[in-house]
Amino acid sequence: MSSSNFSAASSRFVELERSRWSRLATEISVPLSEEELEALRGLGEPVDFDEVRQIYLPISRLLNLYVNAASSLNHMTNDFLQASHRRVPFIIGVAGSVAVGKSTTARLLQALLRRWPSTPKVQLVTTDGFLYPNAELQRRGIMHRKGFPESYDRRALLQFVSDIKSGVPVVRAPKYSHLYYDILPDEQIEVTTPDVLILEGLNVLAPAGTEGPETSDLTLSDFFDFSIYVDANTKDIQRWYVNRFLTLRSSAFTNPDSYFKRYAELSDAQAIELATGIWKTVNEPNLVQNVLPTRARAHLILQKGSDHKVAQVLLRKN
C-alpha cells in the first residue's frame, strides 16, 4: 500500500498523538514488575514503564471494554435464541513487519489483559507454528520465501482459529523453534478455552485468497474481534532488523544447535552486509507486497518513531 493510498484510508481513523493517548489511562497503575517487563522486552526494544503506562495500559483498557461489550452482546443473542450461555473467546490479531516489535506488543498485551478481572485467561499464539516445515518448503522450492503468504499452511491456521472461536475445549497448534528455524515435530501448543486469544503474525490481516495458494472466501480476520497493526518507517525497521541480527550473532547464533551458527563468526562488516541483503531480498519485499497493504484493515495502528517508541495511535472510527 502506498502512502497516498493509506492517506485516503486514514480518514477512517481517529489520530491521537502520544500525549493525548497517554491521558486515557492516568488512573491505572502499571501492574508489572521490572523483572516481568524485562522478560517481555524484545531484542533492541526500549520498552520501559513510561511506554507501558502511556501506550499499552490504555490499549488494555480499551480492549477490556471491547471484551465486556462482546460478552454482553453474546449473552443478549443467546437470550434471544433461548440458547445456553457459552462464553465465546475474544480473538485479537497483531500484525506488522519483521523486527517492528509486534511480538513484544503481543506479550505486553497478554500480560496486561490478564490483570483485568474479566479476562484472567489470555493465551498467545504466533503464526510461526503454521509455517510449513523446512523440508516441505524445500520440496516446494520456496525456502527463500519463508514468511511470505504461500509459506504458511493456511488451511490448518484457519481451522485452528475456527475451532477456538467455536469453543472446542482443547485446540492444538504446531510449535516453532527460532533456534532450529523449523517446526518442532514432537511438540505442540495447547489452547484451552481462553477468555482472550492473541494471534500474532506477519499476515494475520491478509484479505481472503491472499494467505496462500488455496482460494477461499474465509480469512483469518473474519474471526477477529479486534486487530492491531504495529507500524514504522521502513528505513527504521531495516535498521532495527540489522541491529537485532548483530545482537543475535553474539548471543543466540553462538549456540551450537542454532540453525544460524555459521553466522556467529562474521565480522561486524560482514554481518551488516548479510543482514542488509536478507532484508532487501526477503523481508522488505514481503513487507511492501504483503504486510503493509493490510495496515488499513486494523482496528488500531501503533505508529512508532525512529526511537522504537510509539509516537501516534490511530483508532478506527467504526
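Values for this structure:
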| item | result |
| --- | --- |
| Residues within the stretch 107-131 that are under 13 Å from L63 (Cβ atoms) and either in contact with a helix residue (DSSP H, G or I) (Cβ under 9 Å, 6 or more places away or on another chain) or at pLDDT 95 or above (or both), tallied | 11 |
| Out of T215, T193, sole residue that is part of a loop (DSSP other than H, G, I, E, B) and either modelled with pLDDT of 95 or more or surrounded by fewer than 15 Cβ atoms within 10 Å (Cβ to Cβ) (or both) | T215 |
| S221 in contact with a helix residue (DSSP H, G or I) (Cβ under 7 Å, 6 or more places away or on another chain), assigned to a helix (DSSP H, G or I) and touching a residue at least 40 places away in the same chain (Cβ under 8 Å) | yes |
| Residues located in the stretch 297-318, provided they are part of a loop (DSSP other than H, G, I, E, B), open to solvent by 30 Å² or more (accessible area, probe 1.4 Å) and under 14 Å from L63 (Cα atoms) | H299 |
| Members of the stretch 131-182 that are within 16 Å of L197 (Cα to Cα) and either in a helix (DSSP H, G or I) or in contact (Cβ under 8 Å) with a residue 60 or more places away in the chain (or both) | L157, L158, Q159, F160, V161, S162, D163, I164, K165, G167 |
| Considering residues of the stretch 252-285 that are of a type in the set (D, E, K, R) and surrounded by 14 or more Cβ atoms within 10 Å (Cβ to Cβ) only, the residue farthest from H178 (Cα to Cα) | E284 |
| Matching residues, the stretch 254-295, being in a helix (DSSP H, G or I) and hydroxyl-bearing (S, T, Y) | T254, Y263, T276, T281, T294 |
| Evaluation of S84 against (1) crowded, with 16+ Cβ neighbours inside 10 Å; (2) part of a loop (DSSP other than H, G, I, E, B); (3) among the small types (G, A, S) (one fails), failing number | (1) |
| Failed condition for G147, given (1) within 16 Å of the chain's Cα centre (by Cα); (2) open to solvent by 50 Å² or more (accessible area, probe 1.4 Å) | (2) |
| Test: residue in the stretch 2-16 that is assigned to a helix (DSSP H, G or I), closer than 27 Å to L124 by Cα and at pLDDT 75 or above | no |
| In the stretch 239-253, residue farthest from D307 (Cα to Cα) [restricted to those that are of a type in the set (S, T, N, Q) and not in a loop (DSSP other than H, G, I, E, B)] | T247 |
| Contacts under 9 angstrom Cβ, first residue in the stretch 34-57 being surrounded by fewer than 15 Cβ atoms within 10 Å (Cβ to Cβ), partner hydroxyl-bearing (S, T, Y) and at pLDDT 75 or above, 6 or more apart | D50/S22 |
| Filter result (farther than 11 Å from F13 by Cα and either open to solvent by less than 30 Å² (accessible area, probe 1.4 Å) or touching a strand residue (DSSP E or B) at 6+ places or on another chain (Cβ under 9 Å) (or both)) within the stretch 286-296 | N286, L287, V291, L292, T294, R295 |
| The stretch 112-129, subset open to solvent by less than 10 Å² (accessible area, probe 1.4 Å) and under 15 Å from the mean Cα position of the chain (by Cα), residue farthest from A311 (Cα to Cα) | G129 |
| Hits in the stretch 87-106 - residues which are at pLDDT 90 or above, of a type in the set (A, V, I, L, M, F, W, C) and open to solvent by 20 Å² or more (accessible area, probe 1.4 Å) | V98 |
| Whichever residue in the stretch 151-163 is touching a Ser or Thr at 6+ places or on another chain (Cβ under 9 Å) and open to solvent by less than 50 Å² (accessible area, probe 1.4 Å) and, among such residues, is nearest to S84 (Cα to Cα) | L158 |
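The values are calculated or read from the model by the stated rules, or taken from the named source; none is laboratory data. Remember, it's a predicted structure, so these values are computed and weren't measured experimentally. Cβ coordinates were reconstructed from backbone atoms using ideal geometry, including for glycine residues, and neighbour counts include every protein chain displayed. Heads up: the accessible areas ignore ligands, DNA and RNA and are worked out on the full protein's heavy atoms, side chains in. Shrake-Rupley method; radii C 1.70, N 1.55, O 1.52, S 1.80 Å.
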